[in-house]
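The values are calculated or read from the model by the stated rules, or taken from the named source; none is laboratory data. Quantities reported herein were computed from a predicted structural model and do not represent experimental measurements. Every residue, glycine among them, receives a Cβ derived from its backbone with ideal geometry; neighbour counts consider all protein chains shown.
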Protein chains: 2
Amino acid sequence: MDYYLEYTKVFKALGDPKRAMIVDMLSCGELCACDILEKFEMSQSTLSHHMKILCECGLVKGRNEGKWTYYTLVDETIGKTKQFFCTITTDKENCICRDKTNCCWRGNENE
Amino acid sequence: MDYYLEYTKVFKALGDPKRAMIVDMLSCGELCACDILEKFEMSQSTLSHHMKILCECGLVKGRNEGKWTYYTLVDETIGKTKQFFCTITTDKENCICRDKTNCCWRGNENE
DNA sequence: ATATCATATCGAAGAATTTAGATATGAGGT
DNA sequence: ACCTCATATCTAAATTCTTCGATATGATAT
């Protein structure tokens, strides 16, 4: 069930309004952590934590330049996530609802 | 910031692989709770809790018929959520990154 | 080499989420 | 009326998330 897990990580990352807002900010181009921090009322360590979550799910990537870290959105992940969202919300031949086994999700056994 | 909050609820709901899988199952049409429960290794009360979260964010709605509850996806929410996802990941004139005030997210003060 | 700046990591507290068992509700059947 | 079935709600334990202060790291400037 890695398939679901991969994309639910992205959704979980976007499930926090501050992180969704950070993504929105990055949609117009690269920003460094300090630019983002300026806009929010949160500590530097909290922002760093949120950026890590956004990076770990693949939605954002960081680039170091001198003492700064610049962040950008990752188009490929965005595209794949849109695709995933469409897939799970659209009728289809090979949907899990037609799978007759009763084990489509059993925790971590297949990870 | 109700705008972000509204959709981040949907993402949070989809941020659990079991719930994403339930949505996938519903994509081919209405199912009752017992149909869904059959496919998963989870207790009835846990499923009921997950269905509540999916309903509360507007992604799913329930319909009672006799002793059964039938669930379906809500197309309108799906469409709006796609739109939101596109908006926050696409460059745009009125992006919050161009908003010069430094208060775009301050917790609940505007709710 | 030392000081400063930007960012990351650690550690801990509090809040929220996930889960299941027990119980409640409400519809149907006998 | 009573029993059973499907689902919801309550409660509580375990886990995960969020946040921040303190500290570490690593780059640049003096």
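General remarks:
- Consider segment A:5-22 and keep the residues that are at the interface with chain B (Cβ under 7 Å from one of its Cβ atoms) and surrounded by fewer than 22 Cβ atoms within 10 Å (Cβ to Cβ). The one that is farthest from A:Asp99 (Cα to Cα) is A:Lys18.
- Counting the residues of segment A:1-29 that are in a helix (DSSP H, G or I) and at positive phi gives 0.
- Hits in segment A:30-51 - residues which are more than 7 Å from chain B (Cβ to nearest Cβ), outside any helix (DSSP H, G or I) and of a type outside the set (A, V, I, L, M): A:Glu30, A:Cys32, A:Ser43
- Residue check, B:Ile53 β-branched (Val, Ile, Thr) and either within 23 Å of A:Lys82 (Cα to Cα) or surrounded by fewer than 16 Cβ atoms within 10 Å (Cβ to Cβ) (or both): yes
- Being at pLDDT below 90, exposed (fewer than 11 other Cβ atoms within 10 Å of the Cβ) and within 20 Å of the chain's Cα centre (by Cα) is a description that applies to A:Glu111.
- Scanning segment B:52-70 for residues that are farther than 22 Å from A:Tyr3 by Cβ and in a strand (DSSP E or B), we see that the one that is farthest from DNA strand C (Cβ to nearest atom) is B:Lys61.
- Filter result (within 13 Å of B:Tyr70 (Cα to Cα), within 12 Å of DNA strand D (Cβ to nearest atom) and not hydrophobic (A, V, I, L, M, F, W, C)) within segment B:18-55: B:Glu30, B:Asp35, B:Ser48, B:Lys52
- Evaluation of B:Leu31 against (1) within 21 Å of B:Phe11 (Cβ to Cβ); (2) surrounded by 15 or more Cβ atoms within 10 Å (Cβ to Cβ) (one fails), failing number: (1)
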